[in-house]
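The next block holds one structure in the form of structure tokens; read it before the comments.
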Amino acid sequence: MQEDVEHRTVTLAISTAKFTGRVLKSALTKWLAYVKDKRRQKRDVVPHGKQTVQQLARQNQGMTSIEIKDEGIREFERIARKYGVDFAIKKLKGQEGQLPTYLVFFKGRDTDALTAAFTEYTEKRVRRKEQPSFRQTLARLRAELAARKQEPVQRQHQEISR
């Protein structure tokens, strides 16, 4: 919070022999022109990666969407960033008790990169479903340990001479 206040603080230094209203007016107009130029530069920057639907639509490159019915949307976001796809995710309201549905919007020119990202995403999801869960493996190992008889461990004691 303190850093935000420090960044928003403005220091205006005017060096003049005689401080008049004209000098103040010219300093303020120069400062306002500087701020306006900074805002224009910030607006001209094209966002990349995850963005809002409005930002994506503003780029005028045609949008396409794909529907995903899955909870692993975060995993898809990581993969899409890896492939450099500009995308926007919109969650659709559905019925309670069902998996959430997401619409993934992306630029028309990103179709090749997005298909590669989706194939990697689906491969990861399939591999994860094929693997046994950690809890199931742990329960199986506990049952095996309980079934196996514990053999007494024979220990040899050695005397240490001093």
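Here are a few things to note about the model shown:
- Lys/Arg +1, Asp/Glu -1 at C-beta; the stretch 53-141 dipole; positive extreme among 111, 57, 134: 134
- Extension gain, residue 133-residue 74: 0.36 nm per intervening residue step, less the Cα-Cα distance, totals 19.3 nm.
- Projected label points at residue 50 and residue 31, each 7 Å from Cα along the beta carbon direction, are separated by 3.8 nanometres.
- Computed lengthening from residue 122 to residue 38, 0.36 nm per intervening residue step minus Cα-Cα distance: 26.0 nm
Any read-out appearing in this document is the output of simple, stated calculations on the displayed coordinates, not a laboratory observation. Everything numeric here is computed off the predicted structure, so don't read it as measured data. Neighbour counts run over all protein chains shown; Cβ positions are idealised from the backbone, glycine included.
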